[in-house]
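Participant: First the structure, then my questions, so here it is.
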Amino acid sequence: ITPPQATDFDVAIVGAGFAGLYMLHRLREAGFTARVYEAGDGVGGTWYWNRYPGARCDIESVDYSYSFSPELEQDWQWSERYPRQPEILAYLNHVADRFDLRRDIELQTRVTAAHFDEQAGLWRVETDRGQHVTARYCVMATGCLSLPKQPDFPGVERFAGDCYLTAAWPRQDVDLTGKRVGVIGTGSTAIQVIPQVARQAAHLTVFQRTANFSVPARNGPLPAAEQQRIKADYRARRDISRDSLFGVPVPMPAAPRRTRDIPPAELRQTLETLWAQGGAMSLLAAAPDVIADPEANAIVAEFVREKIRATVKDPKVAELLCPSTHPLGTKRLCLDTEYYETYNRDNVTLVDLRATPIERITEHGLRTSDAEYPLDVLIFATGFDAMTGALNGIDIRGRGGLALKQAWAQGPQTYLGLASTGFPNMFLITGPQSPSVFSNMVVSIEQHVEWIADCMAYLRQQGIACIEASAPAQAGWVAHVADVANGTLLPQTDSWYVGANVPGKPRVFTPYLGGVGPYRQQCQQVAAKGYEGFELGRQSVAA
Ligand code: NA7
């Protein structure tokens, strides 16, 4: 038995968003040393980068927040039902200060490589600042939607106007007054940015390839009394979220009724009430079978189309905005504030890229197959290389020099979305094959962080230096994730959930759809059985 070498830190953490910040705090509390490496020059992750106008979370602020500190929970005051990006960023900066996290965070430092040294039983981490550090464990808190797709439209480099990527929006204000602006994309991001741009720009042209389903947010100020009422019973609300399907405070129905069995008048009333209340997750949680039963889906999808037709005055534009290519919820269900209403403005034009595809970007605008649109500004809201993009951007190597990219060439291979065979002592937070993007991220992040920290504490206590997902356990989990997904309508739709938005990516459905509550139970059972499905040991911890 080789005693492992001493390391610079117990744990290297990549990323200082919601996940990395809490991981650092939790590990410190458990008596580990940890160092966080963050590419941005501030903390916040997703909420650091995505500064585009209208950027907002689609989970309610009282739920999209840490629950680990009752004092933090009580002290922090949210101003609106759904938090804006600057408010979330301010919250995360407050957390970094409040828990004195900054002294262990290296900003403007991108991790370029992480190699497992089998002889020494440690991770060797390299950064773009030329640092070489060693750590017993490596935790990837790199985010699920953190690598934006780069615009690769022909001619893009020749555009004489200004180009902006929503996920790399400049820090200084961008003045669009009097400008002719084009937005490419109509996903969650575009649906937030479009109404804001329309208010400023002289003219806005939206280039739509796929119409999406969107539900009104019904955002507004969060009155102090209402917030106080929620905070008075915060534990109960958090507990419901933890045990729920999507990590929001909608309890799992004990005996779910099939949507198609609900009398039409009653269903209509329920949908009208939910529509009036706003919220995408509550619509899905109220009729969870919409993602599995085509008949249920058709009913709810048609309800949303009716709302679009009732909102958008020009029937041709309304029809273009009515999703027809995929069942509701099989692409991310969007949340909006006056998205459909925006198309009633005189200064907004919708272009259907399915009928008239983009040919090229020119010096002065964008040319489709039938017209040229003169533009001063182009905004790309074209999405991310989701789930695996950020991980693949790091040269991660496990046993025998095995590259993660290679191990995942046919799609991600994980056990519980937390670890991967061949990569000992590496953990993923909200990794592929965990509920992550199909849940309230903060609830999922807290669960992973706590599980990982508890696991490391257990290993330390047991004198175990090495943990690795076993190949059979991993194969079982990958098959289970696929089985659950195949019981739904989601794998059939081209979406970033299956990697269809990135050419050459293997088509594999990545999120775990079993629900946040059941997933938590499975993780707890694995831990309770001494980390069943993991191989422990191989080297003992030096005294
Ligand atoms: P999404 O949901 O991937 O949306 C990207 C949009 O951009 C979508 O409408 C795409 O159309 C469109 N797109 C992408 N590439 C092209 C090209 N080449 N031509 C035309 N249109 C294109 O990304 P978001 O940032 O909106 O949201 C990502 C997640 O972040 C969201 O779900 C939240 O969880 C937060 P397509 O549908 O591919 O036809």
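Participant: Quick one: in region 249-274, which of the residues that are of a type in the set (D, E, K, R) and outside any loop (DSSP other than H, G, I, E, B) is surrounded by the most Cβ atoms within 10 Å (Cβ to Cβ)?
Facilitator: Arg260
Participant: Something else: Provide a single number: the residues in region 382-401 that are of a type outside the set (Gly, Ala, Ser), assigned to a loop (DSSP other than H, G, I, E, B) and more than 22 Å from Ala479 (Cα to Cα).
Facilitator: The qualifying residues number 3.
Participant: Let me ask something else about it. Out of everything in region 388-422 that is over 21 Å from Glu126 (Cβ atoms) and touching a Phe, Trp or Tyr at 6+ places or on another chain (Cβ under 8 Å), what residue ends up being nearest to the ligand (Cβ to nearest atom)?
Facilitator: It comes out as Gly417.
Participant: Within region 350-364, can one find any residue that is assigned to a loop (DSSP other than H, G, I, E, B), crowded, with 24+ Cβ neighbours inside 10 Å and in contact with a helix residue (DSSP H, G or I) (Cβ under 8 Å, 6 or more places away or on another chain)?
Facilitator: Checked region 350-364: no residue is assigned to a loop (DSSP other than H, G, I, E, B), crowded, with 24+ Cβ neighbours inside 10 Å and in contact with a helix residue (DSSP H, G or I) (Cβ under 8 Å, 6 or more places away or on another chain).
Participant: What number goes with the only condition from (1) crowded, with 21+ Cβ neighbours inside 10 Å; (2) under 24 Å from the mean Cα position of the chain (by Cα) that Gln406 does not pass?
Facilitator: With (1) crowded, with 21+ Cβ neighbours inside 10 Å; (2) under 24 Å from the mean Cα position of the chain (by Cα) applied to Gln406, the lone miss is (1).
Participant: Just give me the residues in region 192-217 being more than 11 Å from the ligand (Cβ to nearest atom) and either modelled with pLDDT under 95 or charged (D, E, K, R) (or both), in sequence order.
Facilitator: Scanning region 192-217 gives a single hit, Arg199.
Participant: Can you list the helices (runs of 4 or more DSSP H) found entirely within region 275-334 that contain at least 3 residues being farther than 28 Å from Glu80 by Cβ and without any contact (Cβ under 8 Å) to a residue 40 or more places away in the chain?
Facilitator: Hits in region 275-334: 294-311, 315-321.
Participant: Looking only at region 338-380, filter to residues that are within 18 Å of Thr210 (Cβ to Cβ) and in contact with a Cys (Cβ under 9 Å, 6 or more places away or on another chain); which one of those is nearest to the ligand (Cβ to nearest atom)?
Facilitator: So the residue we want is Phe380.
Participant: Counting only residues that are under 29 Å from Ala30 (Cβ atoms) and without any contact (Cβ under 8 Å) to a residue 24 or more places away in the chain, give me the helices (runs of 4 or more DSSP H) lying completely in region 414-531 with at least 2 of them.
Facilitator: Here the list reads 516-528.
Participant: So if I check each of Leu321, Leu283, Leu335, Leu328, which one is modelled with pLDDT under 90, aliphatic (A, V, I, L, M) and either on the phi > 0 side of the Ramachandran plot or within 16 Å of the ligand (Cβ to nearest atom) (or both)?
Facilitator: Leu283
Participant: All but one of (1) surrounded by 20 or more Cβ atoms within 10 Å (Cβ to Cβ); (2) in a loop (DSSP other than H, G, I, E, B) hold for Asp370; state the number of the condition that does not hold.
Facilitator: Result: Asp370 fails condition (1) only.
The values are calculated or read from the model by the stated rules, or taken from the named source; none is laboratory data. Keep in mind it's a predicted model, so treat the numbers as computed, not measured. Methodologically, a virtual Cβ is constructed for each residue, glycine included, from the backbone with ideal geometry; neighbour enumeration extends over all protein chains shown.
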